[in-house]
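One structure is given below, encoded as structure tokens.
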Amino acid sequence: MEQLNPMMDLDCFAYGTGHAGEGVCLLVRMGPHRILLDCGIEDVTPLWADLDRPLPADLVLCTHAHSDHARGLLALHQTFPQLPIYASEVTTQLLPLNWPEEARTPESRFCQALPWLSAVELRRGLSVQLFPSGHLPGAAAVLLTYTAPHRTYTLVYTGDFFLSNSRLVEGLPLGELRGLKPDVLILEGSYGTARHPHRRQLENQLAERIHRAIAEGYSVLLPAPTLGLGQELLMLLRSHHYFTGRDLDIWVDGTVADGCNAYLELLPHFPTAVQNFAQHQPLFWDERVRPRLRRLLPEQRQFLGKTPCIAIVDRTADLNLYAGDRTADWIVLASQKPGYPAWEWQGNRQASRIRSIETYLLAEHCDGPGTTQLIHNLRPQHVILVHGAPAYLADLANLDELRNRYQLHTPAPGTLVELPLGETFIQPAIPETSYEGELSELGTEVAISLPSQITADPRWANFADTGLVEARWQGEELVLRGLGQRELLSQGSDRIRTTHLECCGNCQHYRGQRCWNQLSALFGFKVTPDGYCPVFEAMPEFYLPDEEL
């Protein structure tokens, strides 16, 4: 049972904060009202353990249909059918996909729809307003307003949000929220302070890798969740210039295909560009226009991969169903979730024809600059950071530009956050995340020594995976990045090279398989790692001595 402070008008109890994939579930109290924000925890019994009132909350707001925000809702509804649960219209229709066995029964249709952008009073003095938050069709940011006799309290909860447009979803309309000045802002910090390239650039990198694999005679497996990423990949593959008009089959299986069918019933709710596309050709399931997009039937699996193709399948599926010994060779491309364990193989790897497993990033959340941009535009007093690896959230909370302006909180599950307003606030101490070291020039090499405390961070294992690092300049700063085994061993990797050859692969201007030296005649062109030009400039070799690792 949560321990709320009756002397506070605002507080937040965290049942789940999205760490390590546990799901998000937050109980907010505004005056006499208790509002449950999302219910993504698998075990919902803590919500009513030692309950001293009829319901665990007065109402529930679900921001979107991803399982880490919604999977506990059905069990909650079955236990307390009188508890009202609200979401956007699109989310109410996508939620049943979290419970496939109940999806077509009235039991799964328990969520009530709220309109966009209109304030609706749900309890006396308590109103809610939904704003599109990007990330997923129907995903909403929530503005809660409680009008008390002596003042008005406001709280914004973003759920998962994305400022940029994606293929099927427009980004969060920042102008609608700018200058709101809520008392409390609860937002995700999935990517911490990391800075990522623009989504279109990430899409082009992924499309180029798939194109290269198909050209080399491989088929490509793309594991994906039920909603969001799989459908975005399909739109990317259908519209990217590498694949438009190409004699190629794209297969979709499992719950990803169910998600596609659910999207087809929601076309009037999609952006205008998507609706226009659907007027000229089917959004999904099209065998007339190349590349052909088909739902995979069980009897067709035995023929899969006889010629190069692309298959988008469930993230938890046994890949031997698609890439067994009877097929040609496959490459698996799995999406990255920064700060979380890498995607794990399901099934017997030895019985498959999979030749490599690689990862890619297709951003679905804001990076560090996007997250801080939203905070600065809203200008809250309190900021509660959830939904991210603890180290990533600590990185955000350590930013001086945030610590000097806002009252920051990074609660662990089972923690009550009290939210006093208008009071002097002393920022709690946060573990130091920067390290001082020494640099030594050793003639032909440079050695960088760092203290051993750096190895205590859970990210060290990935950074030091192979003992090799890459260094590059970013303005006046030198950035070090660990090189993992998959990156080194991936077929066609431009990292595997003989270090003493004067070739493009060893040139400091060679990145992303292209030449970026403006003095070279090859500037801007794709080049092979073993290429050569007269303005070659060797890449410096940076390393960490073994005794410092």
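The values are calculated or read from the model by the stated rules, or taken from the named source; none is laboratory data. On a predicted model such as this, the values are computed, not experimentally measured, just so you know. Note: ideal-geometry Cβ built from the backbone for every residue, glycine included; neighbour counts use all protein chains shown. Just the protein is used for accessible areas: all its heavy atoms, side chains included, with ligands, DNA and RNA removed. Shrake-Rupley method; radii C 1.70, N 1.55, O 1.52, S 1.80 Å.
What to note about this one:
- Debye log10 I(q)/I(0) at q = 0.24, 0.26, 0.27 Å⁻¹ for segment 220-261, Cα point scatterers: -0.84, -0.94, -0.99
- J(HN,Hα) series, segment 66-80, from Karplus relation 6.51 cos²θ - 1.76 cosθ + 1.60, nearest Hz, glycine and proline x: 5, 4, 6, 10, 9, 5, x, 5, 5, 4, 5, 5, 5, 7, 10
- Computed over the Cα atoms of the chain, the ratio of the radius of gyration to the Kirkwood radius (Rg/Rh) comes to 0.99.
- Rounded to 10°, Cα long-axis angle of helix 199-215 versus longest principal axis of the chain: 50 degrees
- Extent along principal axes [Cα atoms of segment 241-294; Å; largest to smallest]: 31, 26, 17
- Fraction of accessible area attributable to carbon and sulfur, segment 133-247 (%, probe 1.4 Å): 47 percent
- Seen against the Cα atoms of the chain and their longest principal axis, helix 368-378 is set at about 30 degrees.
- Taking the charge dipole of segment 1-132 about its Cα centre, with +1 at Lys and Arg Cβ atoms and -1 at Asp and Glu Cβ atoms, the residue from CYS12, GLY72, ALA57 reaching farthest to the positive side is ALA57.
- Overall size of segment 48-192 from C-alpha positions, given as principal axis extents largest first: 45, 43, 29 Å.
- Using C-alpha pairs below 8 Å separated by at least 6 residues, the relative contact order for the chain is 13 percent.
- Packing, as the average of other Cβ atoms within 10 Å across residues, places the peptides 379-391, 119-131 in the order 379-391, 119-131, highest first.
- For the chain, the longest principal axis of the Cα atoms and the long axis of helix 254-264 meet at an angle of about 60 degrees.
- Placed amide H near VAL417: partners under 5 Å, 5+ positions off or other chain: CYS12, PHE13, ALA14
- Average accessible area per residue (Å²) across segment 1-104 - probe 1.4 Å, nucleic acids and ligands excluded: 36 Å²
- Rounded accessible area per residue of segment 274-326, 1.4 Å, Å²: 54 Å²
- Relative contact order, percent, segment 194-325 [alpha-carbon distance under 8 Å, six or more residues apart]: 37 percent
- Cross-link partners for LYS306 among the aspartates and glutamates, with Cα-Cα distance under 12 Å and sequence neighbours closer than 8 places in the same chain left out: ASP249, ASP325, ASP329.
- Close amide H partners of SER356, meaning residues 5 or more places away or on another chain with modelled amide H under 5 Å apart, are VAL332.
- About its Cα centre, segment 261-394 has a charge dipole of approximately 300 debye under the convention of +1 per Lys or Arg Cβ and -1 per Asp or Glu Cβ, with nothing else charged.
- When only Cα pairs below 8 angstrom with a gap of at least 6 residues are kept, segment 1-134 shows a relative contact order of 16 percent.
- Residues whose amide H comes within less than 5 Å of that of ARG472, counting only those at least five positions distant or on another chain, are VAL479 (H built at 1.01 Å from N in the peptide plane).
- Percentage, to the nearest whole number, of Cα pairs in segment 266-369 over 17 Å apart: 65 percent
- Anchor LYS526: aspartates and glutamates whose Cα lies under 13 Å away (excluding residues fewer than 8 positions away in-chain): GLU208, ASP494
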